[in-house]
Amino acid sequence: MKYSKVKSAKAIDDRTLLIEFNNQQKKKYDITPLLQKEMFLPLKNPAFFKAVRVEQGGYAVVWDSSIDISEYELWSHGQAIA
């Protein structure tokens, strides 16, 4: 199955991303469960978390070379917004 690509990503608080996909659907994604994994610990810093950007091509959202979240994860576990 093909997943929609990420069109935009914005931190709406210290733990939640607002993701817009290229099919016009929007979802909220809570990173809290990811913070149990060491690679995601830097996201506890609100300023760093807010520096999220969309990877070229829309396959993921990224913060730096070692921290990213795939479009599959965002699509599958994001909460749809009406």
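Values in this text are rule-based calculations from the coordinates and carry no lab data. The structure presented is a predicted model; accordingly, all values stated were derived computationally and were not measured. Virtual Cβ from ideal backbone geometry, glycine too; neighbours counted across all protein chains shown.
Structure above, values below:
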quantity: Computed [θ] at 222 nm, helices only, for the chain once each DSSP H run of length n ≥ 4 contributes -39500 (n - 2.57); calculated: -3000 deg cm²/dmol
quantity: 13 Å beta-carbon shell around residue 45, net charge (K/R +1, D/E -1); calculated: +1
quantity: Max mean-square fluctuation residue, GNM over the chain, Cα-Cα springs under 10 Å, options 28, 37, 50; calculated: 37
